[in-house]
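Quick notes on the structure that follows.
Computed from the coordinates by the stated procedures, all read-outs in this text should not be read as laboratory data. No experiment lies behind these values; they were computed from the predicted model shown. Heads up, the Cβs are rebuilt from the backbone with ideal geometry, glycines too, and the neighbour counts pull from every protein chain shown.
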Amino acid sequence: MAGVVVEDLTVEYTRGGHVVRPLDGFAFVAPAGSLTLLLGPSGCGKTTLLSCLAGIVTPKAGRIEVHGTDVTKLAGNDLATYRRHGVGIVFQSFNLVPSLDAVENVMIPLRANGVKRHDARKRAIELLTEVGLADRTKHRPAHLSGGQQQRVGIARALANDPQLLVADEPTAALDHVQVETVLRILRSLADRGRTVIVSTHDPRMLGLADHVIDMVPLVASSSSAPEERHLEPGEVLFEQGTRGDRIYRISEGEIELVAVAPDGAERLLRISGPGDDFGEMGPLFDLQRSATARAHTSAVVVGYTLADFKARFGADHLMKLVSRYAPRDDAAADHAPTDNAISTSPS
């Protein structure tokens with residue numbers, strides 16, 4: 001059963017005298033009871049799409065259906081009812097009221113919906129207990145960690161029991177320890193039947209998602225054709241901190257991936273051989289290279305643009321490259337290769 005269906009969605013506005021379309025004919029389906037990621041860097045239209053799903057932004061064209069309701073046809077009281085009951089929103093910056101404690105923050109949407117104070121407080125305490133904050137109900141935001149504030153935000157988004165939960169970069173302001181708890185909560189909500197849609201550029205979420213919607217604009221390249229490189233031992237293919245639009249597959253020889261510390265010290269992350277892929281994180285997330293790649297032996301590598309790589313080897317394989325070694329906690333981060341240091345054999 002489709003929880004969310006988006007068809008031919010176009011959002012248009014004018015900035016500086018120029019027409020901007022963050023979404024142009026965009027379409028996707030998120031099944032009910034699934035966790036779907038909108039993947040991509042800032043500026044690719046993720047927040048705009050979530051705002052449309054929440055009934056906050058009206059698209060220029062297209063259709064949005066949420067659990068059988070055509071949101072794009074709603075107006076007036078019907079739209080207000082959908083915003084109160086049909087969708088819950090989790091914000092990147094938490095958006096809690098500083099002068100209110102955790103219970104009172106969660107009570108806000110309930111009281112606004114006419115729920116009696118006693119019943120609203122009872123519901124708020126139940127939700128805070130559900131997200132693991134039973135011992136923090138009386139704490140104000142200033143006395144809560146970032147992860148705890150985000151959990152209050154999730155409880156508040158669930159107050160009126162919406163079928164759809166949208167979260168805009170919910171882990172962006174959190175450290176690795178806090179992220180794990182928030183991710184587990186989002187995953188559990190989908191497991192219990194809610195449709196959860198999360199915008200992110202955080203690869204730590206990939207392993208938990210049922211579906212990934214790639215919203216990354218393709219990086220321009222002078223040529224879309226595969227680029228073969230012959231390297232001598234010690235020759236550098238790319239340096240840490242640089243940018244590039246190629247994902248590499250090794251045809252012959254070995255490539256070493258090295259992390260370079262600010263003091264110049266090097267740490268060997270991995271030695272990759274024929275058939276291994278590496279360098280995917282830079283093109284995929286529009287990031288700088290997070291490791292240096294150089295020939296360990298004489299080597300031949302083939303570089304593919306993001307579009308060409310996905311066309312040849314499949315988007316699923318690309319997602320596996322990213323998620324297979326994505327660190328889930330601080331201990332894993334200390335031992336696993338990250339970002340462009342990721343390298344694995346095709347599966």
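Given the options HIS67, VAL4, SER51, identify the residue whose Cα lies farthest towards the positive end of the charge dipole of region 1-105 (+1 on Cβ of Lys, Arg; -1 on Cβ of Asp, Glu). With unit charges placed on the Cβ atoms, the residue in question is SER51. Partner lysines whose Cα lies under 24 Å from the Cα of LYS122, excluding those fewer than 8 positions away in the same chain, are identified as LYS138. The antiparallel fraction among DSSP beta bridges confined to region 2-214 stands at about 45%. If you take the square roots of the eigenvalues of the alpha-carbon gyration tensor of region 39-180 and sort them as a ≥ b ≥ c, do you get rounded (a/c under 1.5), prolate (a/b over b/c) or oblate? Verdict is oblate for region 39-180. The Cβ shell under 14 Å around SER93 holds other residues with a net charge of -1, Lys and Arg each +1, Asp and Glu each -1. Of the residues THR72, THR200, THR58, the one with the fewest other Cβ atoms within 10 Å heads the list, and the complete ranking is THR58, THR72, THR200. Which of the three applies to region 99-209, rounded, prolate or oblate, going by the alpha-carbon gyration tensor with a ≥ b ≥ c and a/c under 1.5 meaning rounded? Oblate is the answer for region 99-209, as a/c is 1.5 or above yet b/c matches or exceeds a/b. The simple spin-label model puts a point 7 Å past each Cα toward its Cβ; for ALA75 and GLU235 those points are separated by 6.5 nm. Using the alpha-carbon centroid of each, what span in Å lies between region 146-215 and region 17-56? Centre-to-centre (Cα) distance: 16 Å. A simple count of charges around ALA124, restricted to other residues whose Cβ falls under 9 Å of its Cβ and scoring Lys, Arg +1 and Asp, Glu -1, yields +2. Here the sum of -39500 (n - 2.57) over DSSP H runs of 4 or more residues, divided by the residues of the chain, equals -8000 deg cm²/dmol at 222 nm, to the nearest 500. Based on Cα contacts under 8 Å between residues 6+ apart, region 174-314 shows a relative contact order of 31 percent. Within the shell of other residues whose beta carbon sits under 15 angstrom from the beta carbon of GLY153, the net charge comes to -1, with Lys and Arg scored +1 and Asp and Glu -1. What is region 168-276 by shape, rounded, prolate or oblate, if you read a ≥ b ≥ c off the alpha carbon gyration tensor as root eigenvalues and call it rounded for a/c under 1.5, prolate for a/b larger than b/c, and oblate otherwise? Prolate, since a/c reaches 1.5 and a/b exceeds b/c. Across the chain, the relative contact order, built from alpha-carbon pairs under 8 Å that are at least six residues apart, equals 17 percent.
Ignoring lysines fewer than eight residues from LYS60 along the same chain, the ones with Cα atoms less than 18 angstrom from its Cα are LYS46, LYS73. From the list [x] 41, 25, 16; [y] 54, 19, 17; [z] 26, 24, 21, can you say which value of semi-axes √(5λ) of the Cα gyration tensor in Å was derived from the structure given? Computed from the coordinates, semi-axes √(5λ) of the Cα gyration tensor in Å corresponds to [x]. A Förster radius of 41 Å combined with the Cβ-Cβ distance from ARG21 to GLU254 puts the calculated FRET efficiency at roughly 0.35.
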